[in-house]
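To start, the structure under review is shown below, and the notes come after it.
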Amino acid sequence: MKTIKTIIACVALISITARAQQTAFQDSLLDKLAGKWILQGTIAGQETTHDISVEWVLNHEYLQIHEVSREKNAQGTPAYEAIVYIGWNQQTSQYQCLWLDVTGGGGLNGDAIGHAKQNGDEIPFLFISPDGSSFHTTFAYGLDTDTWKWIMDAEAGGKTQPFARLTLKKN
């Protein structure tokens, strides 16, 4: 009886492991984003430099981006910090992005989740706020330079305003 229980437990563990391996998110474009980067450019008209660390987490289901500005606030801590998760929704064939940062803690209210369909070497996320405004964040990979561009625009009342123009270079 003990042998049968052991065999059943082993079969169950192998089955769970095989399912986990089969469902791991694989994406050749996002693989190019994994690593350490230096982000430079403008955010809200201000020049900035951030350190970016990107890695696959949670059994390769999500790409985690950790962004920390080199600029400090009055308390001596980074002026900006974010943790971003990118995954794939198989049912909608879209990327999903959860963007959590230090700009107010309201990230889980609905406007921190963006959706995108890949467009060549670009992933144009759209984040829609409960008030109807939206935020566009496009990740664009440059194969010839092995860099990424992050292009961010705010949209309200049918008008789009540039928010950030950033370049990521390997650290």
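Looking across segment 134-146, the residues that are closer than 15 Å to Pro162 by Cα and open to solvent by 30 Å² or more (accessible area, probe 1.4 Å) come down to Phe135, His136.
Within segment 111-133, being part of a strand (DSSP E or B) and open to solvent by less than 30 Å² (accessible area, probe 1.4 Å) holds for Gly114, Ala116, Ile123, Phe125, Phe127.
The values are calculated or read from the model by the stated rules, or taken from the named source; none is laboratory data. These figures come from a predicted structure and were not determined experimentally. Note: accessible area is taken over every heavy atom of the protein model, side chains too, but ligands, DNA and RNA are not part of it. Shrake-Rupley method; radii C 1.70, N 1.55, O 1.52, S 1.80 Å.
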